[in-house]
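Since the structure comes first, as structure tokens, the remarks are kept for the end.
Just so you know, all these numbers are worked out from the coordinates, no wet-lab data involved. Fair warning: this is a prediction, and the values are worked out from it, not measured in the lab. Glycine also receives a Cβ, built like all others from the backbone with ideal geometry; neighbour counts cover every protein chain displayed.
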Amino acid sequence: MSSPKNARSPQTRSRSKSPVAGALMGNMTQPKTGSDPALLLRLREICLDLPEAVETVKWGHPTFEAGKKIFAVLDHYHGRPCISFRTTLEDQATLCRDERFFPAPYAAARGWVCLRPDAGLSWSKVRNLLVASYRLVALQRMLKRLN
């Protein structure tokens with residue numbers, strides 16, 4: 001019997017070492033809490049267009065990975081949706097001056113930022129931020145294929 005790690009579909013996968021947990025989590029594509037389907041669709045359009053990017057589910061939330069590293073998450077904090085992504089610490093400080101952004105709980109020390117998409121946003125800017133996040137974690141072969 002192959003492990004869940006070896007039985008991956010192109011867009012979703014689970015890295016759980018438990019076969020039971022892997023079977024339960026491997027095919028989930030929606031968060032546990034309610035989310036805006038249109039927001040998730042836009043996020044998928046941007047993230048899954050990047051070389052070798054995949055969507056997984058971590059902590060019950062749609063999560064986008066390049067290789068083995070996460071670069072974006074559709075999350076919820078205090079009942080509001082947010083798009084979490086990686087930045088440099090310098091960019092984090094700059095972004096957080098804007099009220100739409102805030103340091104990501106639990107991961108701010110590593111440069112993670114959350115964007116409140118219900119506060120008005122430009123999808124071209126969101127795309128630029130997510131591509132920059134992808135660049136921070138992607139393997140060299142992935143970056144060579146990036147337009």
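Points worth noting:
- Database remark: amide H of Gly60 closer than 5 angstrom to no amide H (H placed geometrically; neighbours at sequence offset of 5 or more, or on other chains; Pro and chain starts carry no H).
- The convex hull drawn around the Cα atoms of segment 36-145, when projected onto a plane and averaged over every direction, covers 6.6 nm².
- Inter-label distance, Ala93 to Trp123: 3.4 nm, where each label sits 7 Å from its Cα along the C-beta direction.
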